[in-house]
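The values are calculated or read from the model by the stated rules, or taken from the named source; none is laboratory data. Only a predicted model underlies this, so the values are computations on that prediction, with no experimental measurement involved. Positions of Cβ are backbone-derived with ideal geometry, glycine not excepted, and every protein chain shown enters the neighbour counts.
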Amino acid sequence: MRTDNAGIRAQFGRRVVAAGWAGRPLRAPVHRRIHRLAAGAAVAVVAAAVAAPAPRAVAAPVAATPVPAVSSGQGQGDPALRASLQAMVDAGASGAIGLVDDGTRVSRAAVGAARLDPFLPMRAGDQFRMGSITKSVIATITLQLVGEGRLRLDDSVERWLPGVVPNGSAITIRMLLQHTSGLFNYTDDPAFWAAVNAEPFRNWTPQDLLAIAFSHDPLFAPGQRWSYSNTGYIVIGLLLEAVTRTPVQTLVERRVVRPLHLRNTFFATSARFRGPYAHGYLPPSLTGDGYVDLSAWSPTWGWAAGALVSSASDMRRFYQALLSGRLLRPRLLDQMMTTVDTGLGPHYGLGLFTFDTPCGTIWGHDGFLPPYLSFAMTDVTGTRSAVLLMPTFPDPATTAAFDQALATVVCGMFDLSVPTGAAAPSLVSQLPELRSTEQPATALVRPAG
């Protein structure tokens with residue numbers, strides 16, 4: 001489908017700027033319910049980036065016809081899926097992608113813009129930053145090495161990375177994968193986000209990230225409770241490299257991407273995509289002006305905790321292969337699916353969460369590498385699955401629309417309609433990485449200079 005810039009003017013109606021670095025002051029004071037990358041600090045500082053001096057505008061103000069819904073793939077006639085995605089765009093998202101596989105039919109849809117100016121329609125196969133969905137891939141590779149006898153889940157970190165992690169002799173690989181290590185989560189440090197904000201194109205090393213984490217005391221003694229920590233997966237990435245003497249991006253390619261023929265999936269070591277992709281935006285509700293393109297921001301600060309790039313179809317294939325036993329032997333998959341209570345609703349295994357919904361029990365992961373928001377899941381047998389992607393930093397309106405769309409795709413994978421009224425599932429508030437927080441705009445960290 002072809003269209004021109006006039007097609008986005010009514011829908012987006014404000015200027016689009018590229019973050020190079022960029023934006024307008026935030027409106028303050030105001031409280032916003034917004035998602036976080038394992039912690040509120042991520043949201044605060046990334047949104048604050050728009051307070052930096054504005055660059056040249058990439059596009060003039062756009063006005064007035066709705067963005068067309070662009071659907072593709074088998075089952076494209078699913079009206080509930082397309083309507084839920086369009087509602088996300090109507091609420092302010094630049095675009096959205098959804099996929100539902102109910103075991104007999106696959107429905108794919110994409111609405112809105114992959115790029116706002118010049119306008120490029122979203123396609124169901126566009127590449128997308130998957131954030132913490134990376135953790136499922138990293139945990140899978142770790143368990144494959146366990147199956148090969150190259151390491152054990154109860155090995156200490158100290159055995160493989162001597163002197164790297166404080167108290168590493170008391171922290172096991174299992175604890176890192178399951179978020180029970182007690183290690184401080186580096187993305188909870190406001191100073192970290194100030195640094196990301198000041199240098200958005202910086203290439204972060206794992207050592208940079210661990211230095212931030214280890215400048216803080218542990219949250220609790222290893223194994224005592226659960227607390228989401230990206231730091232643990234940075235340590236796991238280094239450990240995998242130590243065991244295999246192979247870069248983690250190569251391990252992802254050899255052990256997951258090639259065997260499953262994932263054509264749009266890779267571990268990002270720079271901001272570059274490798275095919276058509278969805279641009280990621282800060283919305284006007286957070287910038288106080290136009291949409292700000294953050295696509296060129298370096299994803300290296302996510303590394304083994306969040307640097308994966310993929311597509312909806314590739315994520316469906318990965319999780320179905322994982323839960324159906326194609327990537328791990330049964331005893332290792334059982335280990336992965338042995339969970340602890342997060343205290344948030346879901347239970348968490350090794351790089352995988354599960355929780356019950358009114359429509360069925362789901363297994364998978366969520367991801368948020370600002371501004372990209374993602375969710376991929378399957379059922380316990382790996383025969384039904386769903387994926388939902390939004391490349392726009394969530395605000396209250398898009399959060400509500402994303403939540404409703406999430407309920408639609410979750411129920412759709414079980415070939416059910418969303419329950420109405422009080423029974424309707426509200427999933428966003430339960431997700432380990434996407435739990436909501438109240439963040440006053442006046443508290444946002446401002447970039448240096």
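Things worth noting here:
This table checks each residue for (1) in contact with a strand residue (DSSP E or B) (Cβ under 9 Å, 6 or more places away or on another chain); (2) farther than 23 Å from Val100 by Cβ; (3) assigned to a loop (DSSP other than H, G, I, E, B).
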position: Ile234; (1), (2), (3): no, yes, no
position: Arg255; (1), (2), (3): no, yes, no
position: Val292; (1), (2), (3): yes, yes, no
position: Val309; (1), (2), (3): yes, no, no
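- When every residue of the range 315-325 is checked against the conditions, none turns out to be at pLDDT 95 or above, of a type outside the set (Phe, Trp, Tyr), touching a Phe, Trp or Tyr at 6+ places or on another chain (Cβ under 9 Å) and in a loop (DSSP other than H, G, I, E, B).
- Of all residues in the range 84-125 being outside any strand (DSSP E or B) and among the basic types (Lys, Arg), the one that is surrounded by the most Cβ atoms within 10 Å (Cβ to Cβ): Arg123
- Test: residue in the range 155-175 that is small (Gly, Ala, Ser) and more than 24 Å from Met336 (Cβ to Cβ): yes
- Unique match (being in a loop (DSSP other than H, G, I, E, B) and either of a type in the set (Asp, Glu) or at pLDDT 95 or above (or both)) among Ala211, Ala221: Ala221
- Among the residues listed as Pro394, Pro370, Pro346, the single one being in contact with a His (Cβ under 8 Å, 6 or more places away or on another chain) and of a type outside the set (Ser, Thr, Tyr): Pro394
- Test: Ser295 is among the small types (Gly, Ala, Ser), buried (at least 24 other Cβ atoms within 10 Å of the Cβ) and touching a residue at least 12 places away in the same chain (Cβ under 8 Å): no
- For the range 388-410, a residue qualifies if it is in contact with an Asp or Glu (Cβ under 9 Å, 6 or more places away or on another chain) and either in a strand (DSSP E or B) or aromatic (Phe, Trp, Tyr) (or both), and exactly one does: Leu389.
- Options Asp334, Asp341: the member that is over 23 Å from Phe414 (Cβ atoms), among the acidic types (Asp, Glu), surrounded by fewer than 22 Cβ atoms within 10 Å (Cβ to Cβ) and without any contact (Cβ under 8 Å) to a residue 60 or more places away in the chain: Asp334
- Candidate set: the range 262-279, residues that are touching a helix residue (DSSP H, G or I) at 6+ places or on another chain (Cβ under 8 Å) and of a type outside the set (A, V, I, L, M, F, W, C); chosen: the one farthest from Val292 (Cα to Cα): Arg263
- Qualifying positions in the range 170-203 - among the aliphatic types (A, V, I, L, M) and at pLDDT 95 or above: Ala170, Ile171, Ile173, Met175, Leu176, Leu177, Leu183
Rundown of residues vs (1) within 24 Å of Asp334 (Cα to Cα); (2) more than 19 Å from the chain's Cα centre (by Cα); (3) touching a residue at least 40 places away in the same chain (Cβ under 8 Å), yes/no style:
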residue	(1), (2), (3)
Pro79	no, yes, no
Gln86	no, yes, no
Ala91	no, yes, yes
Gly95	no, no, yes
Phe119	no, yes, yes
Thr142	yes, yes, yes
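- Residue in the range 370-392 that is over 26 Å from Arg123 (Cα atoms) and either surrounded by fewer than 19 Cβ atoms within 10 Å (Cβ to Cβ) or modelled with pLDDT of 90 or more (or both) present: yes
- His365 satisfies every condition listed in (1) more than 26 Å from Gln178 (Cβ to Cβ); (2) in contact with a Pro (Cβ under 9 Å, 6 or more places away or on another chain) except (1).
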